[in-house]
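The values are calculated or read from the model by the stated rules, or taken from the named source; none is laboratory data. Bear in mind that the values here come from a model prediction, so they are computed numbers and not experimental data. For neighbour counting, all protein chains shown are included, and Cβ atoms are generated from backbone atoms with ideal geometry for every residue, glycine included. Just the protein is used for accessible areas: all its heavy atoms, side chains included, with ligands, DNA and RNA removed. Shrake-Rupley method; radii C 1.70, N 1.55, O 1.52, S 1.80 Å.
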Amino acid sequence: MPDAKLRTWVNSPLARVARAVLGGNARVAMVIGGTVHLSGASRAEFLADPEWVAHEQVHLRQYREQGLLPFLYRYLVESARVGYYNNKYEVEAREEARRVVQTLAAGQAPQA
Ligand SMILES: [Zn+2]
């Protein structure tokens, strides 16, 4: 199973804060460095959603490529500038996740 190495933190205090800001009912995953912080979802629920996993895997790669603090800084500046939805790092994650789902729907294994 390719996701076995994916590091998650269930009931993460950081994700819980984000969840509270979003109204308390959302399922929240937020990547900090190499860990996916979850609130409102178990690890199994998260891993069962290929689009969600693919989305967070893009953020894991963005951290790997840019470094924890540089990426966090750029992400926050970008969010302040254009908002969450238009944040280029979110756009990239959404588009990649959509490609993965389309590939799965086509019956092919996605690229790891
Ligand atoms: Zn995202």
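Every residue in the range 20-50 that is part of a helix (DSSP H, G or I) and either touching a helix residue (DSSP H, G or I) at 6+ places or on another chain (Cβ under 9 Å) or of a type in the set (D, E, K, R) (or both), please. Working first, answer last.
Applying the first criterion (part of a helix (DSSP H, G or I)) to the range 20-50 yields 20-21, 43-47, 50.
Of everything in the range 20-50, those that are part of a helix (DSSP H, G or I) and either touching a helix residue (DSSP H, G or I) at 6+ places or on another chain (Cβ under 9 Å) or of a type in the set (D, E, K, R) (or both) turn out to be Arg43, Glu45, Phe46, Leu47, Pro50.
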**Complete:** Exception for Val100 within (1) crowded, with 18+ Cβ neighbours inside 10 Å; (2) part of a loop (DSSP other than H, G, I, E, B) falls at (2)
**Item:** Unique residue being within 13 Å of the ligand (Cβ to nearest atom) and in a helix (DSSP H, G or I) when the list is Val53, Val17
**Value:** Val53
**Request:** Could you check how many residues of the range 34-44 are closer than 11 Å to Gln57 by Cα and either surrounded by fewer than 23 Cβ atoms within 10 Å (Cβ to Cβ) or more than 13 Å from the ligand (Cβ to nearest atom) (or both)?
**Result:** 2
**Fill in**
Selection from the range 47-71 of residues among the aliphatic types (A, V, I, L, M) and within 15 Å of Val36 (Cβ to Cβ) yields Leu47, Ala48, Val53, Ala54, Val58, Leu60, Leu68
**Message:** Condition first: of a type in the set (Ser, Thr, Tyr), more than 13 Å from the ligand (Cβ to nearest atom), open to solvent by 40 Å² or more (accessible area, probe 1.4 Å) and in a helix (DSSP H, G or I). Can you find one or more residues in the range 61-75 that meet it?
**Reply:** yes
**Request:** Name, by its number, the condition in (1) open to solvent by 20 Å² or more (accessible area, probe 1.4 Å); (2) in a helix (DSSP H, G or I) that does not hold for Lys5.
**Result:** (2)
**Item:** Condition check for Ala26: closer than 13 Å to Leu6 by Cβ and either crowded, with 19+ Cβ neighbours inside 10 Å or without any contact (Cβ under 8 Å) to a residue 24 or more places away in the chain (or both)
**Value:** no
